[in-house]
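What follows is a set of notes on a single structure, which appears directly below.
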Amino acid sequence: MTSEQAAAGRWQRRRPVAAVVVAVTAWLLAALAVLTLPWGALYEGGEALFFVVDVVVAVVYGLVARVLLARRAVAVAWWVALAAIGDGVAAFAAGYARVAPAGFALPGADAVASLTSVAWVPGTLGLIVVVPWLVREGALSAGAHAAVWTGAAACVAVTAARVLVPDGTAVVPVPAALEALAGSLTLQMGTVVVLGALATADAARRWSRGSPAARRGLGWLALGSGLMTLSFVPLALPLPLAMALVDPGVVPAIQLAAQAFFPAAILVVVLRQQLWGIDLVVSRTLVWGLLTAGSVVAYLLIVFVAGAVLPVGSGTGGVLAAAVLAGLAVPARAWLQRRVDLLVRGPAAAPGAGAEHVGRSLGSAAPAELVHRVLEAVVEALRGEGGEVRLPDGRQLAAAGGPGGPPLAVPLAAAGEHVGELAVWGAPGERLDARTERDLQPLAGVVAAVVRLAMLTAELEAARARTVAARAEERRLLRREVHDHLGPVLTGVSLGLQGARNLLTAGDPDTAARLLDELAGEVERGVQNVRSLARAFLPPLLEERGLASALEDLASRFDGPDLAVRAEVEQAAAAALSAPVAVGLYSVAAEAVTNAHRHARAAGCVVRLEHVGDDVRLQVVDDGVGIDPDRRPGVGLRAVHERADELGGTARIGPGPAGGTVVEVTVPARRDAPVLEAGSAS
């Protein structure tokens, strides 16, 4: 490990301690400043608001510095910490200088009082002219580097000027021209306003031209930076002009509104873009609360500033002016509140807007992508970062967006059936709150219905595929039967008829007659094969008298000297099956008995249909040679499994208890389904 790596590791361990020290120092200074109020002279007018500004900055920025420094010691965090401690010192200095127990000032009150106009300068000015340039991911451009260094130099220069020339008079000998330049508040604040306007313009430019990911939260940063710059415009005016245009209480009032809003704007950008790899997880309620607090302060200050500027008198004129102010201020706050809701909660902030957005996606999506489109609509409606839908077995059905903060998951249920789980998450570092969960609940019902529709559609498509496969298998069976049995019969008949003709031509009618008799028998056997093939697909007896009679007929047709076949059928079990299930089980039985007859070299075979609990089980058991375990299953055996799946049941093909082979299919008994009875159609 190099010395640089070791030093970085030590700072990594000390960083949380530094964050706590900064926050506690700022909060302690603010608390001490507030505690001086009962012991000192009362503040009046603008002084009171400046004191409130310093206390608010120390408390709020101390919290933001604590959050940022605990994770990454970036330049923005240190500027925020400098502002928090600087304003804390200014607030404490103002309070200390006013404390006069028994009419006597505290020791060093005058020296401490001088800090009131200096301590806040570097940190607060840095928030205006430096921090907006630094709130970004990646390296700074050459222009941004120049702006940052220019802003930092301006902070140092203004701080030095206020130390050396606090009231327009130098405390050390300096040339008169330099004294006049350093003592010009208009020049100092004018420089700050110009540099702040450039920083605001850069944030606005990045917000309007950046990629969607790079734009997140920059609109709020540009607004906060603009407010901070605007709050210093009155200080940049010549004093006579400023006093003529602006009430003395307006400047601290505007600064209070800006300082209440700006830290929340910084946090919004950090949360939305996860800047500098800060893995910060907070509730949306916190961001919403910070921004709302800024809007409330702004609302109150609108009334205060307007009351200070407008000539509001007593009586009817005062009442009318108050009504006009209320009419302007309340809509302004409502507009800002809607913007805050839109930032934090997205389109779902409006009642019914989330459902409307999801509904539009339903109408424009193709069936194959319905779940994905609806999920995207839900994520967008809730202003989330991403989401997913998972089936009950854990498989992912759809996903949208990218990774983010902790997921908010709700179960999906449709028609009383659990169909999966919907999870949505916010931007990296953001925890979705209870309000978002309430918005998600009604949307989850729509998603559940769409998921169930997708599952039913998939099942329907699978059933169609199985039907197509079954039809193809039946065609292959028909081709095999025609090729292996009927084809040779017809070929033999054709050759026999040619031989009979030759015998008749040669004058041997007796031999020709015997040959024709043999051909007639061969044709009869071919006819029987065709009838057996037709019965294997769907015997007339199955349509006319039901499954029990069809299985008994199947056993009697194959029963003979070489293979004894018998049927053991429970009538109640046969009656508990719907028509499609009965046809499917008959096909399985026919295939199994045919295989036993042709390949098993068995002496006996039993076809059994019986109730097993709530199911019906079909068994075809023979005592033949069995199935070679190393032999690859044939088409017929695979067809048995496919048929069982189609019927909603299970299949088992294997050795019997005493040897031979067992073909077994178990299906649920559906007594409420149409039953294939005597005289019913297939």
Practice problem: Rounded, prolate or oblate: pick one for the range 537-630, where a ≥ b ≥ c are the square roots of the eigenvalues of its C-alpha gyration tensor, a/c under 1.5 means rounded, and failing that, prolate if a/b is larger than b/c, else oblate. | Solution: prolate
Practice problem: At most 16 other Cβ atoms within 10 Å and a DSSP loop assignment: could you name the trypsin sites (Lys or Arg not before Pro) in the range 575-667 that fit? | Solution: Arg601, Arg631
Quiz item: Hey, fewest Cβ within 10 Å first, where do Leu218, Leu49, Leu198 land in order?
Solution: Leu198, Leu49, Leu218
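Just subtract the alpha-carbon distance of Ala153 and Ala111 from 0.36 nm times their residue separation and send over the number in nm, one decimal.
Details: separation 42, 0.36 × 42 = 15.12 nm, distance 2.58 nm.
Once the chain is fully extended between Ala153 and Ala111, it gains 12.5 nm.
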Quiz item: So for Glu421, Glu642, fewest C-beta neighbours within 10 Å to most, what's the order?
Solution: Glu642, Glu421
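Highest first, please rank the peptides 180-193, 562-575, 500-513 by the mean number of other Cβ atoms sitting within 10 Å of their residues.
180-193, 562-575, 500-513
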Quiz item: Could you give the distance between the Cα centres of the range 63-94 and the range 106-151, to the whole Å?
Solution: 11 Å
Quiz item: Could you give me the ³J(HN,Hα) list for the range 371-377, computed from phi with Karplus coefficients 6.51, -1.76, 1.60 and θ = phi - 60°, whole Hz, x at Gly and Pro?
Solution: 4, 5, 5, 5, 4, 4, 5
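Just to verify a number: FRET efficiency for Val493 and Arg638, C-beta to C-beta distance, R0 = 51 Å, to 0.05? Provide the component values of the computation, followed by the final result.
Details: r = 34 Å, r/R0 = 0.68.
The pair Val493/Arg638 has a calculated efficiency of 0.90.
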Practice problem: Taking 7 Å along the Cα-to-C-beta vector as the label spot, tell me the Asp645-Asp517 distance in nanometres, rounded to one decimal. | Solution: 5.5 nm
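How much length is gained on full extension from Leu391 to Ala603, taking 0.36 nm per residue of separation minus their Cα-Cα distance?
Values: separation 212, 0.36 × 212 = 76.32 nm, distance 4.96 nm.
The Leu391-Ala603 span can extend by a further 71.4 nm.
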Self-check item: Note, ³J(HN,Hα) from phi for the range 384-396, Karplus 6.51, -1.76, 1.60, rounded to Hz, x at Gly and Pro
Solution: x, 8, x, x, 8, 10, 10, 7, x, 7, x, 6, 7
Quiz item: What is the packing order of peptides 132-142, 369-379, taking the mean over residues of other C-beta atoms within 10 Å and listing the highest first?
Solution: 369-379, 132-142
Exercise. Compute the distance in nm between two label points, each set 7 Å from the Cα along the Cα-to-Cβ direction, one at Ala458 and one at Ala658.
Key: 4.6 nm
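Going highest first, how would you order 389-396, 584-591 by mean Cβ packing within 10 Å? Mind showing how you got there, number by number?
Values: 389-396: 13.0, 584-591: 23.1.
Ranking the peptides 389-396, 584-591 by packing returns 584-591, 389-396.
Readers should treat all values here as calculations from the given coordinates under stated rules, not as data from a laboratory. Keep in mind that this is a model prediction, so the values were computed, not measured. Positions of Cβ are backbone-derived with ideal geometry, glycine not excepted, and every protein chain shown enters the neighbour counts.
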